[in-house]
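Structure first, then comments.
Nothing in this text is a laboratory measurement; each read-out follows from the coordinates by a stated rule. Because the structure is a prediction, the values reported are computed rather than measured. Using ideal geometry, Cβ is built from the backbone for each residue, glycine included, and neighbour counts are taken over all protein chains shown.
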Amino acid sequence: MSISCNRCREDADCNLNGKCEDDGTCTCKTAEETGGTNYIGTHCEVKLKESTCGTIKSEEGNVTYSIQRYSESPGAPATTLFQQYNRPVYTHIENYPNATAGDIFWLLYTGRRWFGLTFNIITLNATETEVLQGTQNFHGFWSNTYNEGTIYVSDATIGDSPVGVDFYLIGER
């Protein structure tokens, strides 16, 4: 078990990967400041190199996921990294078997495990932006999601990425 304070007192509390602000939060360095690496997390502890971690492929079927960005205001470019529990959310971009119109497939971290989820924006009568906003601080057992939208679950991990983690397909419920 590890315990850490959510507040910083100095830049060292941000792992020297960000600046400790007056309100006790870390402002992490961006890829533009570091030459290609984003730092995320409460204490800028997660290192995300988009050139190596931005897109991942499954071992079987070449299913491809990429990190998700969104716009914080309508019409603005999608520059904000979508993340859960200080890990990037990966969105399916190609080769998912049996995908139908409106399907969204995500790999997201829920605090101890990576979940493979599916949402259909047509069935939900929602836009992708509304789904993004509605799942901030998502937990896999909210609103019956585990029973309805979860496709697979990983072994327990504290890793920054789903790469190298074993996943298990959810069978009959």
Next on the checklist: If amide hydrogens are placed 1.01 Å from N in the peptide plane, which non-local residues have theirs closer than 5 Å to the one on Thr110?
Outcome noted: Phe115
Checklist entry - Does the stretch 54-169 come out rounded, prolate or oblate, given a ≥ b ≥ c as the square roots of the eigenvalues of its C-alpha gyration tensor, rounded meaning a/c under 1.5 and, failing that, prolate meaning a/b above b/c? => result rounded
Checklist outcome for this item: Burial-style ranking of 93-100, 117-124, average other-beta-carbon count within 10 Å with highest first, yields 117-124, 93-100
Next on the checklist: Report the gain in length on full extension from Ala76 to Leu124: 0.36 nm times residue separation, minus Cα-Cα distance, nm rounded to one decimal.
Outcome noted: 14.8 nm
Checklist entry - If we count other beta carbons within 10 Å of each Cβ, what is the order of Asp160, Asp166, fewest first? => result Asp166, Asp160
Item to check | Separation of the Thr157 and Lys19 label points, Cα + 7 Å toward Cβ, nm | outcome: 3.4
Checklist outcome for this item: Along the stretch 82-99, Karplus-curve 3J(HN,Hα) (6.51, -1.76, 1.60; θ = phi - 60°) to the nearest Hz, with x for Gly and Pro, reads 7, 9, 10, 6, 6, 10, x, 8, 9, 10, 4, 10, 6, 6, 7, x, 6, 5
Item to check | Ascending count of other beta-carbon atoms within 10 Å, so fewest first, for Asp103, Asp22 | outcome: Asp22, Asp103
